[in-house]
Structures are given as C-alpha cells and as structure tokens.
Amino acid sequence: MRKLGRAIGAAAVLAGLALTPARAQTAVTLSVDAGTEVGAINRALVGLGVHAGGAPLSTVGELRPHLMRVDASLQDVSPSPGVLRLDPLLARVAEVRAIGAEPLVILSYMPTWLGAPNAFGRDPTRVKPADLDAWETLVHDVVRALATAPSPALRFEAWNEPDIPLFWQDSPLAFADTMVRSARAVARVEDETGLDLVFGGPALAVPDPVYLAPFLFAFRDPALPLDFVSWHYYGNLPFFGPDGTEFGEAEAVEPVVGQQNPLTSPSAFGPQVEMMRTWTSAALAGSGRSAEPSLLLDEWNLSSGGLDLRHDTNVGAAFDAGVLMEMQDAGLDASVFFRANDTRTTGGDHGLVRTDGTAKSAWWTFWLWQQLASRQVPVGGTSEGLWSVASKDADRLTVLVASFSALQPSSRVLDIDVSGLGWTPASATVRRVDGAHAAASVAEPLEVRGSRVTLSLPEQAVALVELRRTTAVGASVARGQEGSGVLAATGGADAWPGIVVAVAALAVLQARRVVTPPR
C-alpha cells in the first residue's frame, strides 16, 4: 500500500504541474483529405466484456461486437478432481454466439483442490497448481468441451491480470510456468480436433514488463501457440472510481484511491500500443515464430475497481470515443471494452446497458463507431482534448469527433473542410451525444457550403457528421434512450513495482500531451 501511495502522490504532482486556466470556446478547422486513404476502419475495436447477471446480451447485439470476453471460472467448473460442471459456461458462450460475436474464454482461476497444497496461506485459486500435469489435463478437457460444443468457443486467454494480487499471488516465473501448460493443452486440442484455435495472454492489468517479460520468454518456443498479447488499462489510474466501491474490502482505502485523476485522457492509450508492440517484438526476436502475435487491449474503460458516475453520462461516452480514435490511429488489432452490462443497480457501474435493459450514452458511442464509412482518410487540426477520425465510402464521408477533458473541458466551433472528395455533397447530418443529447437516435440536418460544414461541439461530447452524395433527410432510429425505453431483447504483491513504473510512465505521457500545443 505504501508503494501505491507513492504512485498516487507522483500522479498528484504531475496533475499540479498541468493545471492551467479554463479555456473559452474556440474555433477549430478540421481538414479532411478524402483523396488519401490510410487504411480500414477497424470494427474489431468494438468488443465487450461479459459478467453474469444484468440484462441479456441481446441488448448490445446491435453494436456488432467482434469479441466478447467470458471468464471460465475454472474454480467453479472443477470443484473436485475429475468433476466438470460446464453447463453455465456453455450457456454463456452460446449467448455470445447468438448475437454474432466470437467468445474469448479466460482460462482462470485455479480450482481450490489443485491450488491448496501450494497456497501456504494465500488464496488457493490464485497460485501455481500443485500438480502442473493435472492443470494441463483440466485445461485440455475444458477447452475440448468448449471447442466441440454446438455453439463453440475457439479463442482462449491465459489468465486475468496476474500482476495484481487480487488475481495472482505467486511469482512471475510461477505464472509463466503455469501458462505454458495452458498453451500446451490448447495445442493438444487443436491437434486432436483439427480446429483452428486461438490462444494468447497474459491480460496484464497495465503494460507491465515485470510479468510480460517472463511470459514472453517462456513463449519463445515456437511450438507453443501465442496468437495475441493482451493487456488492460483504465483512464482514471492510479485511482479507482470516485463514486463508491465495488467490493466491500476496498472501503477502508476508498478515501485515498476513490478519486478523479485530473490527467485522465484518451491520449494515454495510443502510445501503449507502440510500447507493447516494441516490447513484444524485442522479446520474441529470433525465436523462429512464423508471425508476431497480434495486440489485444481486452479491458478498458474510464475507471476501474469502483463506481464512477461518468460511466453513465455523456462524459464517459466522450472519453470512450476518444479512446477508440486513439486505438484506430495507433493500429491496435482489437479491443474489448469493460463491459457490456451493469450488474449493480447503483449508479456508476461499468456497463453500456443498465440492469433494466436501458442504454447509457456510451452505448451510442460504440453504435456511432459502427456507422463510420469503411476507409479511413486523414484529418488534421485536432489537439489534446479534441479527437477526430474521418472515413469514406463511394457515396458518403463520415467524420467522428469527440471532446473530452478531465481537467479543463471546453466547447468548440468546428469548421470541417473536406478536400479530394471527387463529388459535391448534396446533404449533411449530425448525430450527437452530449449534455443535451443522451442518445444519438436523431440525425439532424446540417448546412453544406460546398464541401464544408460548421458544427458546434459542446464540452464532453461526441458527434458523427455524415456528408452524402445524395439528399438525406434527418432521421431518427428506435433505440434505448438514457433513462427511458428498453432495448429489445431479441434473442502477486511483488508485481506492484512494475505496475507503479508503468502507470508513472503513462502519467508522464499524459502530462506531456496535456501541456503541448495543438498538433
């Protein structure tokens, strides 16, 4: 806890250095070069975590999530040697499949009977197994049952956040040894069935070299599957949610950790991608692998480990939009937002959908992402606090913009100037999520002047502008509204130094981005 306190103190110092007077409304020109393509809009950035309880997953089906991350809860699946209780897990995987998503099953945690002989006072579900052969057999049997089920799971993840004691209470080397056996089990099932299975990890709590390095070193063996490298990050780190605890045991430290970090910014996410890519490439260089693993950020949100009322409002929606754009520009392969569904009726839970099935504002951020045209084109004129991504199809051009600042929110007037389009827009619309628009269900008409439109963007807001080759009348869509309407139901401790270093480095990156002039 002393180390965590020092990290919090360092973040507070950085926050003080970054404090500047609030900005007045500014005019900004966004220059879109529609004649230059830079790649595809990555739909795989829309993935969602799943927790038991809450509204059915059909409430997020329209977001078309690429992945849905499901905990196998092996401590419950295997209550005793030779016993498997897979029905709840198979049902959850089938529910994910029913909305068209790919299940990503986390192969955790340790069955008590397998961890207890090695626990020595620690949580037996969070330590290396006393018998590695028995662990490998268990993982093999679970993976085979899931992979050959009528609604199969074909993607598997090594564990969840081994670099915090809540989820792992053994050494980094013990973790790597255990995960090698998980990989062998998946490889055996692949050989036995001929199925194309996917395996990766280590699902770090932050970009943490203390646990990443031994994990990657163990996987230099090209015979072991390693299809992706995964990690997590929450924008409010090193603090938890400022509006209450998720877990009773956190109440004692809530006054210290339950705060808002004034340096929170989507800008912290983009640099992580290149950092993780560099670390992974260096660790696996010369290993003989035919291809490098992809990069998967498979837990992210504004706040972690506690409740944050911003999750429920346009503030969280604006933050999420900025993060999606940072990940798109950084070339991240895929992401999984935490999470699809609230499981608590108290405000500030992490889900996009409340327990009664109503959509939060952030639901619309992901819906707007899926409305983007397919091919990304460059857009210039953004700065810290203002994010944008532009894309085109044959007969339309879309521009997604977001304003977010935890420190000094500001409204802007945006002049969107499009060049190289090859045709003159006949109409334009905007869909909004902001303090006055909890949902983006209505497409409002915008005035088009040649290939230019002007847009007022409030603070903490998201907007999708669409220019069309033909006349388009403003329209609304039937979706769940904020606070009303229901979406149709159709269907260990020694790791803290690494975490502190990683969070401090990311805080420095955020501080630099906050105080630098517009790019």
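The values are calculated or read from the model by the stated rules, or taken from the named source; none is laboratory data. Just so you know, these numbers come straight off a predicted model, no measurement behind them. All Cβ positions, glycine included, derive from the backbone under ideal geometry; neighbour counts span all protein chains shown. Just so you know, the surface numbers come from the protein's heavy atoms only, side chains and all, with ligands and any DNA or RNA stripped out. Shrake-Rupley method; radii C 1.70, N 1.55, O 1.52, S 1.80 Å.
Taking every residue in the range 171-185 that is more than 16 Å from residue 134 (Cα to Cα) and pairing it with any residue that is of a type in the set (Ser, Thr, Tyr) and crowded, with 18+ Cβ neighbours inside 10 Å, at least 6 positions away or on another chain, the pairs with Cβ-Cβ distances below 7 Å are 172/211. When residue 241 is tested against (1) modelled with pLDDT under 95; (2) open to solvent by 10 Å² or more (accessible area, probe 1.4 Å); (3) not hydroxyl-bearing (Ser, Thr, Tyr), just one condition goes unmet, and that condition is (2). Residues that are open to solvent by 10 Å² or more (accessible area, probe 1.4 Å), among the charged types (D, E, K, R) and modelled with pLDDT under 95 occur in the range 276-289; there is at least one. Among the residues of the range 214-222, is any among the charged types (D, E, K, R), assigned to a loop (DSSP other than H, G, I, E, B) and surrounded by 16 or more Cβ atoms within 10 Å (Cβ to Cβ)? No, that holds for no residue. Any residue that is surrounded by 19 or more Cβ atoms within 10 Å (Cβ to Cβ), out of contact with any strand residue (DSSP E or B) (no Cβ under 6 Å at 6 or more places or on another chain) and of a type in the set (D, E, K, R) - is there at least one of those in the range 386-406? Within the range 386-406, none of the residues are surrounded by 19 or more Cβ atoms within 10 Å (Cβ to Cβ), out of contact with any strand residue (DSSP E or B) (no Cβ under 6 Å at 6 or more places or on another chain) and of a type in the set (D, E, K, R).
Return a yes/no flag: does the range 281-292 have any residue that is of a type outside the set (D, E, K, R), touching a helix residue (DSSP H, G or I) at 6+ places or on another chain (Cβ under 9 Å) and within 18 Å of residue 406 (Cβ to Cβ). No, the range 281-292 contains no residue that is of a type outside the set (D, E, K, R), touching a helix residue (DSSP H, G or I) at 6+ places or on another chain (Cβ under 9 Å) and within 18 Å of residue 406 (Cβ to Cβ). Listed by first and then second residue, the pairs linking a residue in the range 342-371 that is assigned to a helix (DSSP H, G or I) to a residue that is of a type in the set (D, E, K, R), with Cβ atoms under 6 Å apart and 6 or more places separating them unless they lie on different chains, are 361/482; 362/320; 365/320; 370/64.
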